Amino acid sequence: AVDHCVRRFLLITAKCPKRQVLSLGAGFDSLYFRLCADGALDGTAVFEVDFPDVARRKALNFYSTITYLFSGPVYMCSSQYRLLGVDVREESQTEEALSAAGLDWAAPTLILSEVVLTYMETQRSDAVIGWAAKRLPQSLFVMYEQICPDDPFGRVMQDHFLKLNSTLHALQQYPDLSAQRQRFLDKGWERCVCVDMNAFYLGLVPQEERDRIETLEPFDEYEEWHQKCSHYFILTASRGALMEQALLSQASVPSVSPSWGSTQLKASTVPVCLEGLGLASTWMRLEGLLLTGGSSRGGRVTQSRSLVRDQNGWRWSQWTVRGILPHQDLDTLPQWSGTKVSRDQTSGPSILTPSLSVLNPCFLFMVGRHFLFVFGGKNQSLLEVNSGNFVSFHYDPQFPVGGDVPAARHSHSACSYLGSVVVFGGLSREGEPLGDLSLLTPTERGFDWIRVAVHPPPVPRSVMLIYSQLDESVEIQKKELVCVVLHCDPPGSCFSVSVWMYPVLTTGTTCWDDMCQVTSMLQTQLFHMYEYL
């Protein structure tokens, strides 16, 4: 993200006779040498500033190839590169050192702060931001730091840096994007654009580059990746008309928030001594709740577990699963029969053929028969699919399927509903959270996909909710559909649980009935989150 902003600045100022890059707290960053190797520094001088001890150690690594000066704060000096040892918290000393090193205060200047100012006391970092706005009238400030300190990930993040004796000071006063943006506007910057790293990756990184990154090696830690990215941001603030052109573009990533009801319900935890983070669950009707996957304090969980309630309360047991495994061909397993659901966009409904098993199963019941339906997920080539399987223990189900097939996705929610399948949300092939809802409904010949319009729209399975959201849909006796969403917004130590009731879903527009908001004191930590029924 920082490189993106640097190259954007160099592009906008390409016709300027003189331009500068001022890197605060540069440490051992190799930015200058990378840009120099790319031939991108014509007419550009790079000034790196850090504590004297750090600057001296960096200079000693290059003294044999670059003329350097050890008198005063300038430790290295060439036509394009100056390394200064000075404490940026000392405004007058910093200004004097930069002037001595040849900084042109009127020239277009890029100021870089990559997780630097947050280590200072907030009053001091605010002063640096204000000083830069005052002294550099044609400048672009680029800052990369942390946000969201109060949710479970944020608390663990703060504890981590605290153990390293590197307290994140600015987080408390500026905990979110809007606060950071207002911070710069209040300190004298004319324009400011601030996005978290999910919005940057999904909205500003070209698709070709994302494809290259995502094919470097197999990757399935999307929840962890999205959570980390939601706690870091990239900010650009400008002074002067030219620098306004170098601001980040506003990422076009959808942001939808739920509407809250006023009804308060009580919730309580049940001590079943079973923990898990990021696991999947399904109701086993008479047997209770089946839990699979996820992780615990001991690492990844490979065994399936069940929660069963009897007259003595809840108890749990461990299951050993034999047979079908993720990403394994169904037709290679003699005890299963599998057929593929696909839609040829040019030829109407298609007959099902044997194919690969993917994710998110739902049980369906038709005229005394029942079978398993599996939709979406990723195949052996790690590509998202919009195909599915009908699976049965006893026979090979063959059904034509037509209609508007949902887009390819993974990590979505699905459930059976009145003989149909409800598919909601997930992540698209581009990694964007989805908020659409589709029904696979039975017909006289087979099944049809139907897109359901929901108003107001449900919250997409997004990076802000993916760890604190249970976006599972379940069927209840009243033949209505319940959607339970577990939020952590606004951030804090409490979860807010929203419950929406659907009327019987139809092909038209379905309205949400915001039934209740449940607040429960569920204290969580990143690697210590319990799930209770």
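Taking the options Q123, Q146, Q138, Q80, name whichever one is within 24 Å of H4 (Cβ to Cβ) and surrounded by fewer than 17 Cβ atoms within 10 Å (Cβ to Cβ).
Working: Q123 fails: within 24 Å of H4 (Cβ to Cβ); Q146 fails: surrounded by fewer than 17 Cβ atoms within 10 Å (Cβ to Cβ); Q138 fails: surrounded by fewer than 17 Cβ atoms within 10 Å (Cβ to Cβ).
None of the others qualify; the one that does is Q80.
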Quiz item: So, in region 150-175, of the ones that are under 15 Å from T122 (Cα atoms) and surrounded by 17 or more Cβ atoms within 10 Å (Cβ to Cβ), which residue ends up nearest to the chain's Cα centre (by Cα)?
Solution: P175
Practice problem: Would you check which residues across region 1-23 are of a type in the set (A, V, I, L, M, F, W, C), more than 13 Å from L247 (Cβ to Cβ) and under 28 Å from the mean Cα position of the chain (by Cα) and list them? | Solution: A1, V2, V6
Quiz item: Do we have any residue at all in region 45-59 that's free of Cβ contacts under 8 Å to residues at least 40 places away in the same chain, surrounded by fewer than 19 Cβ atoms within 10 Å (Cβ to Cβ) and farther than 30 Å from A127 by Cβ?
Solution: no
Practice problem: State whether the residues of region 127-134 include one that is farther than 22 Å from P17 by Cα and more than 39 Å from the chain's Cα centre (by Cα). | Solution: no
Exercise. Quickly run through region 193-213 and pick out the residues that are out of contact with any helix residue (DSSP H, G or I) (no Cβ under 9 Å at 6 or more places or on another chain), in contact (Cβ under 8 Å) with a residue 12 or more places away in the chain and either of a type in the set (A, V, I, L, M, F, W, C) or surrounded by 11 or more Cβ atoms within 10 Å (Cβ to Cβ) (or both).
Key: G203
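Across region 176-192, which residue is surrounded by the most Cβ atoms within 10 Å (Cβ to Cβ) among those that are free of Cβ contacts under 8 Å to residues at least 60 places away in the same chain and of a type in the set (A, V, I, L, M, F, W, C)?
F184
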Quiz item: Do we find a residue being in contact with a helix residue (DSSP H, G or I) (Cβ under 6 Å, 6 or more places away or on another chain), touching a residue at least 24 places away in the same chain (Cβ under 8 Å) and not in a strand (DSSP E or B) anywhere in region 90-98?
Solution: yes
Quiz prompt | Flag for P108 being modelled with pLDDT of 95 or more and either more than 37 Å from the chain's Cα centre (by Cα) or closer than 17 Å to V21 by Cα (or both) | solution = yes
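The values are calculated or read from the model by the stated rules, or taken from the named source; none is laboratory data. These figures come from a predicted structure and were not determined experimentally. Glycine also receives a Cβ, built like all others from the backbone with ideal geometry; neighbour counts cover every protein chain displayed.
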